[in-house]
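The values are calculated or read from the model by the stated rules, or taken from the named source; none is laboratory data. Please read all numbers here as calculations on a predicted model, not as lab measurements. Note that each Cβ is placed from the backbone with ideal geometry, even for glycine, and that neighbours are counted across all protein chains shown.
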Amino acid sequence: MENSINARETAVIILDKVLREKAYSNIALKQGLEHSKLSRVDKALVTEIVNGTLKNLIKLDYIAGQFVKMNMSKLDKYIEDILRTGIYQIMYLDRIPDSAVCNEGANLARKYSNEGTVKFINAVLRNVSRNKENIQFPDKAKEPNKYLSVVYSHPMWIVEKWLGEFGFEFTEQLLIANNKVPNFTIRVNRLKIDKEALMKILDQEDIEYGDSLYNKEALYIKGTSAIENKSSFKQGLYQIQDESSILVGHALDPKPGDLVIDICSAPGGKATHAAELMDNKGRIIARDVYQHKLDLIQHNCKRLGISIVETEIFDAKELDRKLIGKADKVLLDAPCSGLGVLRRKPDMKLKKTADNFDELNKLQQQMLSKAAEYVKPKGVLVYSTCTINKSENLKVVESFLKNREDFYLEDLSKLLPENLESNTKTKGYVEIFPNIHGIDGFFIARLRRK
């Protein structure tokens with residue numbers, strides 16, 4: 001029992017850091033579990049409670065509002081999160097008895113507050129447990145926006161934005177996909193090993209794996225934590241990278257001997273993939289504005305056995321005149337709203353606001369215009385983002401092409417997998433959606449200079 005309580009207390013402490021100190025959930029979880037004495041099972045429980053509570057926070061607060069006769073925000077921060085995590089376990093974790101959830105919630109409340117609060121937590125959680133089959137949600141027909149926001153726990157501004165762009169049915173499926181657990185994907189390092197040989201090593205390390213959906217060099221990993229501690233990872237036999245991100249490398253299609261500039265490179269997944277596709281022959285200039293991010297790229301290159309990547313601090317909004325017209329391939333994986341990876345970062349949707357899209361659009365256009373200057377005649381420029389927001393994607397490219405008649409969108413159909421469903425591949429761009437493709441939401445456009 002003591003370990004179970006400690007697991008739940010750890011989850012509450014991590015949630016506080018994410019919700020109020022604006023920590024990133026993946027980093028807060030890693031730091032919170034790294035030096036704990038919790039068992040592997042309890043660490044998995046902490047991860048599930050934290051991610052599940054964040055993913056369903058709007059819905060959990062809506063449920064709580066039906067049983068709590070006061071403003072939730074007036075509760076002490078730990079009591080508020082004890083209540084949220086308790087409701088999450090009652091609603092979603094069938095393997096844990098509701099009675100145990102109520103008792104452990106009360107025990108935690110006793111540690112952080114007084115007996116009055118203990119009775120309050122116990123009463124609310126037991127009431128939720130008794131009535132969980134009868135909880136009322138917004139009417140789908142009468143209040144479609146509110147229904148989608150509450151039931152699938154997405155901020156209203158995101159729901160309304162997607163309803164305007166995609167319509168109700170598509171938006172609902174997108175919200176459902178965002179709440180699913182994403183696959184954990186690795187990219188085989190072809191410089192050191194082939195896929196079949198790596199699978200044998202993974203078998204020896206008792207790592208469960210399966211084939212990916214689209215990329216021949218990718219595998220899905222299941223049922224393992226702290227993969228960075230595995231010998232196979234330390235030897236650089238693979239890189240952690242989602243399939244959508246891997247597709248960007250194939251859209252770029254770098255060749256051995258190319259000069260490639262990766263404008264916004266950190267954490268370096270696409271740069272290291274490009275190096276592998278180039279057989280570690282040629283030159284890749286990987287840039288970012290922060291040295292610690294460039295250090296991470298170099299660390300990954302060393303682990304993967306890559307020697308052609310040079311890291312440089314440089315602001316993508318500026319123009320480096322010494323590289324004008326020099327690059328065979330240029331990649332701009334632009335800063336964006338990240339609305340395509342909400343399923344992977346459940347806290348992101350709680351922290352983002354709707355007021356920065358115009359600024360992002362201006363920034364992306366500014367960076368794209370600078371990136372284009374580095375492309376030599378007949379060279380290639382790839383623009384990508386990890387968002388599904390049209391104003392950051394196709395509209396940026398269309399605006400660029402209006403001002404640059406020396407570039408055109410080039411057919412992607414021979415570079416991307418046949419089974420990647422898209423009716424725009426031949427037009428030179430793809431929009432990837434979690435609900436359609438089962439991978440992170442992404443936009444990829446390939447531009448050729450005349």
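For the range 201-271, give me every one of the strands (runs of 3 or more DSSP E) that falls completely inside it and has 3 or more residues that are assigned by TED's automatic domain parsing to the domain that holds Arg283 and hydrophobic (A, V, I, L, M, F, W, C). Can you show your working first?
Numbers: elements: 208-211, 218-222, 238-240, 259-262.
Passing ranges, in order: 259-262.
Outside the structural domain of Arg344 (by TED's automatic domain parsing), on the phi > 0 side of the Ramachandran plot and surrounded by 19 or more Cβ atoms within 10 Å (Cβ to Cβ), is that true of Ser149? It would help to see each step written out before you state the result.
On the way: outside the structural domain of Arg344 (by TED's automatic domain parsing): yes; on the phi > 0 side of the Ramachandran plot: no; surrounded by 19 or more Cβ atoms within 10 Å (Cβ to Cβ): yes.
No.
If you take the residues in the range 102-124 that are in contact (Cβ under 8 Å) with a residue 24 or more places away in the chain and either touching a Phe, Trp or Tyr at 6+ places or on another chain (Cβ under 9 Å) or charged (D, E, K, R) (or both), which one is surrounded by the fewest Cβ atoms within 10 Å (Cβ to Cβ)?
Here the residue is Lys111.
Counting only residues that are farther than 23 Å from Ser129 by Cβ and of a type in the set (S, T, N, Q), which one in the range 21-70 is modelled with the lowest pLDDT?
The residue in question is Ser36.
For the range 288-314, name all the residues that are more than 24 Å from Ser231 (Cβ to Cβ) and either in a helix (DSSP H, G or I) or in contact with a Leu (Cβ under 6 Å, 6 or more places away or on another chain) (or both).
Selection gives Asp288, Gln291, His292, Lys293, Leu294, Thr311.
Given the conditions (1) without any contact (Cβ under 8 Å) to a residue 60 or more places away in the chain; (2) more than 19 Å from the chain's Cα centre (by Cα); (3) under 27 Å from Leu148 (Cα atoms); (4) surrounded by fewer than 23 Cβ atoms within 10 Å (Cβ to Cβ), and given that Val41 satisfies all but one, which numbered condition is not satisfied?
Just one mismatch for Val41, condition (3).
Please count how many residues of the range 410-439 are of a type in the set (A, V, I, L, M), outside any loop (DSSP other than H, G, I, E, B) and crowded, with 20+ Cβ neighbours inside 10 Å. Explain how you work it out, then say what you get.
Here is the first cut: in the range 410-439, the ones of a type in the set (A, V, I, L, M) are 412, 415-416, 420, 430, 432, 436, 439.
Checking which are outside any loop (DSSP other than H, G, I, E, B) leaves us with 430, 432, 436.
Add one more test, that the residue is crowded, with 20+ Cβ neighbours inside 10 Å, and what stays is 430, 432.
Matching residues across the range 410-439 total 2.
Quick check: is even one residue across the range 271-279 at negative phi, under 21 Å from the mean Cα position of the chain (by Cα) and without any contact (Cβ under 8 Å) to a residue 24 or more places away in the chain?
No: zero hits.
Within the range 397-406, identify whether any single residue is in a helix (DSSP H, G or I) and modelled with pLDDT under 95, and answer yes or no.
Let us first name the residues in the range 397-406 that are in a helix (DSSP H, G or I), namely 397-403.
Pick out the ones that are also modelled with pLDDT under 95 and you get 403.
Yes, the range 397-406 contains a residue that is in a helix (DSSP H, G or I) and modelled with pLDDT under 95.
Kindly provide the set of residues from the range 421-450 that are out of contact with any Phe, Trp or Tyr (no Cβ under 6 Å at 6 or more places or on another chain) and of a type in the set (Gly, Ala, Ser), ordered by number.
If the condition is that a residue be out of contact with any Phe, Trp or Tyr (no Cβ under 6 Å at 6 or more places or on another chain) and of a type in the set (Gly, Ala, Ser), then Ser422, Gly428, Gly438 are the ones that fit.
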